[in-house]
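Heads up, the thing below is written out as structure tokens.
Readers should treat all values here as calculations from the given coordinates under stated rules, not as data from a laboratory. It should be emphasised that the depicted structure is a prediction, and the values quoted were computed from it without experimental measurement. We place every Cβ from the backbone using ideal geometry, glycine too, and count neighbours over all the protein chains shown.
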Amino acid sequence: MRYLGVSRDELYSPNRVSGDTAVFRAVASELERHGHEVICMNEQELKAIPDGIDGIFHMARSSEALAVIGGANVPVTNTVQGVMNCGRARQTELLRDSGLIPESLICLTDGVPLGWNNFPCWIKRADCHALDRDDVQFVQDAGDCNNAMLGFRERGIRDCVLQAHVKGWLAKFYGVRGHGLADCYAATAKEGKFGLERYNDQPDQAFVDMDALTAVAERVSALLGVDVYGGDAVVGDDGKITIIDFNDWPSFRTCTVGAAQMIADLIMNKR
């Protein structure tokens with residue numbers, strides 16, 4: 001088989017360039033180890049699908065690259081629709097009635113909407129994942145929220161998602177649909193992209209029911225239609241699991257080798 005691998009542009013890998021690069025290369029190497037040919041390029045280089053390609057795996061996020069990949073008549077991991085479904089606004093729409101995410105509202109950045117009284121809360125840009133630290137902010141009250149919205153508007157961001165803050169410690173997880181979780185660990189501000197984990201509880205002993213977390217992650221994966229995924233879950237004192245973010249093809253930085261084997265197996269068995 002001849003596969004095309006499309007790596008992620010650095011713009012979409014804030015503070016995770018080395019991790020994203022490592023897992024992409026590991027998947028390509030794993031496919032080659034199984035005797036397949038792999039052609040690799042960055043999403044900024046992708047203008048057309050090369051001839052003779054039997055399948056595509058990619059970490060692309062740009063609309064231009066996704067448009068090219070979406071026109072291919074071969075199996076794709078992750079599908080373009082799955083990637084788009086992980087955008088903040090679309091993700092919120094698809095998961096709103098699942099009972100798996102906090103109370104959330106998609107709105108304009110013109111000011112706190114009437115009826116929204118869930119403070120403290122999070123304000124997140126709606127069009128994509130965070131590209132810098134100001135794209136996701138923790139706000140204590142309506143005044144803080146209005147100030148954050150003003151900052152969004154000044155940067156040309158017209159839509160945002162308001163998400164109620166959930167008490168509990170933060171679990172980071174990585175998974176591959178149909179294969180379960182590759183890893184899960186308690187997040188700390190030191191290890192996070194932008195240090196936002198400091199607003200969550202820091203448990204003395206982090207415990208989560210892995211079977212329950214796996215079931216929740218696989219359910220969200222199915223609802224969003226994304227096969228290679230990662231996310232953040234808040235685990236409450238009662239053990240309740242709440243998904244606060246879900247991403248297409250993260251860095252798998254704590255489990256690169258094992259994840260690459262799972263991802264390659266998924267790719268090779270796609271028809």
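In a simple Cβ point-charge model (Lys, Arg +1; Asp, Glu -1; nothing else charged), the stretch 103-164 has a dipole of about 80 debye relative to its Cα centre. When Asp227, Asp127, Asp135 are arranged by Cβ crowding within 10 Å, least crowded first, meaning fewest neighbours, the order is Asp127, Asp135, Asp227.
Computed from Cα positions, the angle between helix 17-33 and the longest principal axis of the chain comes to roughly 30 degrees. Which entry in (i) 1.27; (ii) 0.95; (iii) 1.01 matches Cα Rg over 2.2 N^0.38 Å derived from the coordinates of this structure? Looking at Cα Rg over 2.2 N^0.38 Å for this model, the match is (iii).
For the stretch 26-95, with only Lys/Arg (+1) and Asp/Glu (-1) charged at the beta-carbon, what is the dipole magnitude about the Cα centre, in debye rounded to 20? List each step's numbers first, then the result.
On the way: 5 positive and 9 negative charges, 70 e Å.
For the stretch 26-95, the charge dipole is close to 340 debye.
Note on the chain: dipole from Cβ charges, positive end direction compared against His58, Ser18, His36; the farthest Cα belongs to His36. When only alpha carbons are used to place a centre, the stretch 137-193 and the stretch 204-234 end up 16 Å from one another.
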